[in-house]
Amino acid sequence: MIKHPLRILTMGLALTAATLAAAAAQDLPKMKQKQAYKVGFAQTESNNPWRIAQTESMKAEAQKQGWQLVYTDAAGSAAKQVADVDSMIAQGVDLIFLAPREEKPLVAAVMKAKRAGIPVILLDRRVDETQAKPGRDYVTFIGSDFIDQGRRAAEWLVKSTGGNAKIIELQGTVGSSPANDRRKGFAEVIAKNPGMQIVASQSGDFVRDKGRQVMETLLQANPQATAVYAHNDEMAIGALAALEAAGRKPGKDITVVSIDGTRDALQGIVDGKIGAVVESNPRFGPKAFETARRYAAGEKIDPWIKVPDNFYEASNAAESVASAY
Amino acid sequence: MAEITLQKRPGEAAAVRTRRRIKALARGWGAPLALVLLLAFNVLFTPNFLTWQTFFVNLTQVATIVIVATGMTLVIATGGIDLSVGSLMAIAGALAPLILSGALTGPLDPGLAVALAFVLPVLAAGLFGLFNGVLVTRFAIQPIVATLVLFIAGRGIAQVMTNGNLQTFSNPSFQWIGLGRILGLPVQAVLMVAIVALAAWILRRTVFGRHVLATGGNEPAARLAGVPVTGVKLAVYAISGLLSGLAGLVVIAINSSSDANLIGLGMELDAIAAVAVGGTLLTGGRASVVGTLLGALIIQLLRYTLLANGVPDAAALVVKAAAILLAVWIQRQGEGR
């Protein structure tokens, strides 16, 4: 008799544990097979050419597929983006494409969608991996490999300077993942080449005006520099202005390499001022919709789908200027 | 007991007097002293500091801050403050490329387009400044709240005009204001010196200047003494708007691009910092335009020093704030007596 309650308690505990385990291992929400879907796209902001190109690509692909697209723009506010996702859940979309503004705040949005039985695909930025994992809480992350972008920029620079260069690096916004990763990838390759040396590295905040001012200053302090590595095109264009104002001849006595692939930068290559640009592809539409369709068909999706990035240099820039964003 | 505490030995009195004299000296000479110290540090430690190019780089970078801060000095001298300067820069900066490209008016004669691209954006910014003045005078709204309206809405207006898109352009005659040289000196540096000189002269030598200081010193008294307080305030906010518009044009001309989201972002704080470091009383009634110039130069040189010597951005911000604090503290030494 005395043992009974204990046994019940044990059984109860075991049951609870089993339910908890089941809940933790609960799979991603499924998607029904349909001809056309209603999907949401929660954009983070649209104040730069890259974002605008990304939105246009998503809208164009939705139209092409004949899917209905619910589009929201969080205007740079994580709080608004969480609310945007809420309203998409209320509207009963089949799937949500989310370009999360920040890593931690948007975990909540991902989890809410999961509980509502709506699968989420992340675009171009991630959420905190310790709190939400691809394949468990959201389908996958589609985006560029920023570390690889940095690596490719460095490899081109090593090749074009014969392994000898004194480099000024213009970093992106401090603490942002593109800036961190583009610095890391670049530094990896540079470390393997003893002739390559980063003489100065400061943040230009991904902005043309600041890129120019920081370049002016760094160039004064390091006139021996023979190369510039900018984490994005806008800063590279600012750097060109600074170089020319200081009487340097970019493309001749100093090599400039950057990342993004905007029209202005490709024109810079055509004009012979910028050496090379690693593309950071904003055209997510085709990849995103294809992934959604494959997921609906029940296929296994990799936790990270890499967007292929082009590489532009003197040989191929001219033909790409017109189609650049 | 009282007698003992009141009586001071002659030596002590002299010491107090000396201390007071040093304090007064510190107040008057704090900013120039800080500038000289910074210069000395740079000459010793920053590579290639003593070159003309370094001099020009610093002048071109500081010019827009000084131009805006001059207007800010006048506003602060009346006891007000103008938070909208950065947003007004954005409006002017967004407007000019629209005029140059003819998107606003249809195709124009190139010469006329350039002339309009100089005049209209500055006038527009001036009118918005006047609007600030009306809020402050007619509706008696506190300046910090009144100008907050355009601080928020102004950038919105600029973004609506351009759909938030980056505008790029190339027009050498317009860009002369940012890239040209007068007698070998950068145009915006010449502009900066001219504006500072004019404002300093106005403040010191004209009736209007007296009225500005009187308004800030004691507004009811000034009103009773017949100072046209309302007109003075309207004028200083309009001037601040005009100068902001001009600074906006300089910024876009240097970069041959205009991004309504970023032109003049944070400028109000840079300008107020320059004014504070320069020794102008933030409560009004005492102002020094030349002090503002020195204040802006100190902040600029500090930024240059930190960057050129490889101090990371995050640390640089802290050092900058500490330096501003120090400069203001030095100047406050002679006060309260």
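Annotations for the structure displayed:
- Scanning region B:194-229 for residues that are in a helix (DSSP H, G or I) and among the polar types (S, T, N, Q) returns a single hit, B:Thr215.
- Residue match in region B:128-148 (condition: closer than 29 Å to A:Pro49 by Cβ, in contact with a Gly (Cβ under 8 Å, 6 or more places away or on another chain) and surrounded by 15 or more Cβ atoms within 10 Å (Cβ to Cβ)): yes
- Residue satisfying all of: in region B:53-69; within 22 Å of B:Gly86 (Cβ to Cβ) and hydroxyl-bearing (Ser, Thr, Tyr); farthest from the other protein chains (Cβ to nearest Cβ) among these: B:Thr64
- Restricting region B:112-122 to residues that are farther than 17 Å from B:Leu191 by Cβ and touching a residue at least 12 places away in the same chain (Cβ under 8 Å), the residue that is farthest from the chain's Cα centre (by Cα): B:Ala113
- Sole exception among (1) within 14 Å of chain A (Cβ to nearest Cβ); (2) in a helix (DSSP H, G or I) for B:Leu50, by number: (2)
- Of all residues in region B:123-142, exactly one satisfies the criterion of being among the polar types (S, T, N, Q) and without any contact (Cβ under 8 Å) to a residue 40 or more places away in the chain, namely B:Gln142.
- Cβ separations smaller than 6 Å between residues 6+ apart or across chains give the following pairs from region A:203-224 residues that are more than 7 Å from chain B (Cβ to nearest Cβ) to residues that are in a loop (DSSP other than H, G, I, E, B): A:Asp205/A:Thr173; A:Phe206/A:Gly172; A:Phe206/A:Thr173; A:Phe206/A:Asn232; A:Lys210/A:Gly204; A:Gly211/A:Gly204; A:Leu219/A:Ala246.
- Test for B:Val212: is it surrounded by 20 or more Cβ atoms within 10 Å (Cβ to Cβ) and either more than 30 Å from B:Leu98 (Cα to Cα) or among the acidic types (Asp, Glu) (or both): yes
- In region A:148-175, the residues that are more than 21 Å from A:Gly251 (Cβ to Cβ) form Cβ pairs under 7 Å with partners that are small (Gly, Ala, Ser) and assigned to a helix (DSSP H, G or I), at six or more places apart or across chains, as follows: A:Asp148/A:Gly185; A:Gln149/A:Gly185; A:Gly150/A:Gly185; A:Arg151/A:Gly185; A:Gln171/A:Ala179; A:Gly172/A:Ala179; A:Thr173/A:Ala179; A:Val174/B:Ala314.
- Checking each residue in region B:242-274 for being of a type in the set (S, T, N, Q) and within 9 Å of chain A (Cβ to nearest Cβ) picks out B:Asn255, B:Ser256, B:Ser257, B:Asn261.
- Whether a residue is within 13 Å of another protein chain (Cβ to nearest Cβ) and under 18 Å from B:Leu88 (Cα atoms) was assessed, and B:Arg181 does not pass this test.
- Residue match in region A:203-214 (condition: more than 28 Å from A:Pro282 (Cβ to Cβ) and either at pLDDT 95 or above or of a type in the set (A, V, I, L, M, F, W, C) (or both)): no
- Just so you know, in region B:1-40 the residues that are small (Gly, Ala, Ser) and surrounded by 13 or more Cβ atoms within 10 Å (Cβ to Cβ) include one that is modelled with the highest pLDDT, and it is B:Ala34.
- Subset of region B:197-212 [among the β-branched types (Val, Ile, Thr) and in contact with a helix residue (DSSP H, G or I) (Cβ under 8 Å, 6 or more places away or on another chain)]: B:Ile202, B:Val212
Quick grid of which residues meet (1) part of a helix (DSSP H, G or I); (2) closer than 21 Å to A:Asp124 by Cβ:
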position	(1), (2)
A:Phe141	no, yes
A:Arg151	yes, yes
A:Gly163	no, no
A:Thr173	no, yes
A:Phe186	yes, yes
A:Ile190	yes, no
A:Ile198	no, no
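- Members of region A:10-46 found to be modelled with pLDDT under 85, under 25 Å from A:Ala296 (Cβ atoms) and of a type in the set (Gly, Ala, Ser), listed by number: A:Ala22, A:Ala23, A:Ala24, A:Ala25
- Candidates are the residues of region A:158-200 that are at the interface with chain B (Cβ under 10 Å from one of its Cβ atoms) and more than 13 Å from A:Met235 (Cα to Cα); the one that is surrounded by the fewest Cβ atoms within 10 Å (Cβ to Cβ) is A:Gly175.
- Test: residue in region B:187-209 that is surrounded by fewer than 22 Cβ atoms within 10 Å (Cβ to Cβ), without any contact (Cβ under 8 Å) to a residue 60 or more places away in the chain and within 14 Å of chain A (Cβ to nearest Cβ): yes
- Filter result for A:Asp233 (in contact (Cβ under 8 Å) with a residue 60 or more places away in the chain, of a type outside the set (A, V, I, L, M), buried (at least 20 other Cβ atoms within 10 Å of the Cβ) and within 14 Å of chain B (Cβ to nearest Cβ)): no
- Considering residues of region A:50-72 that are more than 14 Å from chain B (Cβ to nearest Cβ) and among the charged types (D, E, K, R) only, the residue farthest from A:Asp86 (Cα to Cα): A:Lys64
- Residues that are of a type outside the set (Ser, Thr, Tyr) and free of Cβ contacts under 8 Å to residues at least 40 places away in the same chain are absent from region B:271-278 altogether.
- Positions within region B:254-294 being among the aliphatic types (A, V, I, L, M), surrounded by 24 or more Cβ atoms within 10 Å (Cβ to Cβ) and over 30 Å from B:Gly217 (Cα atoms), in sequence order: B:Ile254, B:Ala260, B:Leu262, B:Ile263
- Helices (runs of 4 or more DSSP H) (entirely within region B:230-337) containing at least 1 residues that are at pLDDT 85 or above and out of contact with any helix residue (DSSP H, G or I) (no Cβ under 8 Å at 6 or more places or on another chain): B:267-277, B:313-332
The values are calculated or read from the model by the stated rules, or taken from the named source; none is laboratory data. Everything numeric in this text was worked out from a predicted model, so none of it was measured. Note: ideal-geometry Cβ built from the backbone for every residue, glycine included; neighbour counts use all protein chains shown.
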